[in-house]
């Protein structure tokens, strides 16, 4: 543990970018948790002051209904992060379970899981997500499921490969000879070793999950107006871009970009922390 | 003999695509049957009464068992029948085919742009590590994957249309003051050139530039990253050192020896890039009101026109499988070492 903390400090100080990304991540989480209580205006309350450019009262200006863009962008953090985190958590769990089984037992289990992941990957992933939402129904939950399904192959493949190389390792054989069941072997001996690469996959994947979910709501799926959400806010603001009201789309777009950027940097940093050899 | 084995390899690749196609067909079948509620009610449309719903149920074979329905579905696919679009009242295949050239023109130009920037950028960054171009490459690579494609598109519109006024308004493939060029290939730019109409060509091209750059920017990052990485790996190998030591010219070493070997991982990345591209194509088409199959799918989604959406998903998946097949075949031709099992 001490060695880990030392390594953590080394990575953070060696690469200030990771430190910045870490603080940004913390800020996003705080905004997600406390956003609704710290914003200056009600994100849903309209006012006569419509389409005002950014000013001291309205830092990010107001939208076509006079709602405060700053408040809406902050409040949207929770919904956007929740969709991405729940989707990634679902595919993480499903990918871990099925990937581990495929990697551990091989044979039929491996072939079935491999076929399923190959089939998902045979689609352009965003298009598959559109199709899933269209079939299951146009709701926020289905955006989450669709995002989880298109991310599943990445986790299943990592878990399968990492379990597969370890299933015959010395420490696993020793644990098996000591009388442990397959399930215990997987859970207590093999999987803890698979966790680091899986975590890297999570942070590299999170940004993409946010982009995907925002893309789906940008084309009008899932989140309904007037709910504040970055993708739909950019979509609403798009109409006003051609007449010069840039702040409607710029700020939610920037928030989206910063969140994705932060997760991508964090993913690279985490990879350095866990596997220094893969550093590029 | 060598030719024959290459042909055999290509044939093998084509066979390997069959499971993907089967998977795609099964998934789209399941998606149509997984509709909430009764599919017959959806396909009959909102104004249908009980009798016409029953009629639709029989016409679609929804009163049969699932395996029977699947066979009917396969039969329909084989005849190229993807059902009727409720929103336009015409066959989905017809709608998709009519809009396909617009999407293809956009995607191909975007790919051309993306490749013509990312390959030189990656090569330059790899040959001059830690120079400004290397740093520029790293910034573009990290920022590029974080930019939501619809956001970049909107701001290119804001800058080039609203502020600078040099881009045409982001509405469709050609300005309303121009007539569509006579249809030959369906690509407006090429058709206009074939027609010898330079004005129309310019108008079509100017509409095309911003969406293509938007789409290209998004795919630039993974390609530049992979080019840089692959070139770095290849340039540090023994055979490059030998080639240099033998006194070969810099360009021979770089392009004949290094780039050809670096092409393999780049081609692999291209498969993933196509997945991104076909997906973000939908978003770019919405931003620029581009009349391609993506816009068609979005309109269909909003009005719950399921046959159209499923047809779109199926068409995109087939396109993607075909593109991957082409990449695989190119791979086999670039790398003669690779066998069927490779």
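For chain B, a Kirkwood hydrodynamic radius built from all Cα pairs, placed in the Stokes-Einstein relation at 37 °C and 0.692 mPa s, yields a translational diffusion coefficient of 143 µm²/s.
Pairs of alpha carbons in region A:144-216 separated by more than 19 Å make up 46% of all such pairs. For chain A, the convex hull drawn through the C-alpha positions has a volume of 162 cubic angstrom per residue. Mean partner shielding of peptide B:275-287, defined as the number of other chain Cβ atoms within 10 Å of each residue Cβ, is 5. On a 0 to 90 degree scale, rounded to 10, what angle separates helix B:306-334 from the longest Cα axis of chain B? Computed tilt is about 30 degrees. So how far, in whole Å, is the C-alpha centre of region B:233-293 from the one of region A:55-91? First find each Cα centre; the distance between them is then 38 Å.
Here the residues A:112, A:150, A:85, ranked from fewest to most Cβ neighbours within 10 Å of their Cβ, fall in the order A:112, A:85, A:150.
Between 0 and 90 degrees, the angle of helix A:16-38 with respect to the longest Cα principal axis of chain A falls at about 60 degrees. Orientation-averaged projection of region B:145-302 equals 12.9 nm² [convex hull of Cα atoms, one quarter of hull surface area].
Of the peptides B:194-206, B:96-108, A:175-187, the ranking by mean beta-carbon count within 10 Å, highest at the top, reads B:96-108, B:194-206, A:175-187.
Take peptides A:122-129, B:294-301, A:160-167, A:75-82 and line them up by average Cβ neighbours within 10 Å, highest first, as a rough protection proxy.
Packing order, densest peptide first, comes out as A:122-129, B:294-301, A:75-82, A:160-167.
Using alpha carbons only, how many angstrom separate the centre of region A:110-164 from the centre of region B:51-71? Region A:110-164 and region B:51-71 have Cα centres spaced 29 Å from each other.
Listed peptides B:260-267, B:182-189 appear in the order B:260-267, B:182-189 once ranked by packing, highest mean of other Cβ atoms within 10 Å at the front. The mean number of Cβ atoms from other chains found within 10 Å of a Cβ in peptide A:108-121 is 2, as a whole number. Residue by residue along B:208-216, Cβ atoms of other protein chains within 10 Å of the local Cβ number 0 on average. Can you pull the Kirkwood radius for region A:1-71, inverse mean 1/r over Cα pairs, to one decimal in Å? Answer for region A:1-71: a Kirkwood hydrodynamic radius of 14.8 Å.
Give the value in nm², to one decimal: projected area of the alpha carbon convex hull of region B:188-241, averaged over all directions.
Reported value for the Cα convex hull: 5.9 nm².
How would the protein assembly as shown be classified by its alpha-carbon gyration tensor: rounded, prolate or oblate, with rounded meaning a/c under 1.5 and the a/b versus b/c comparison settling the rest? Write out the running numbers ahead of the final one.
Values: a/c = 1.18, a/b = 1.13, b/c = 1.05.
Since a/c stays below 1.5, the shape of the protein assembly as shown is classed as rounded.
A short reminder: the numbers here are calculations on the coordinates, not readings from a lab. Please read all numbers here as calculations on a predicted model, not as lab measurements. Cβ coordinates were reconstructed from backbone atoms using ideal geometry, including for glycine residues, and neighbour counts include every protein chain displayed.
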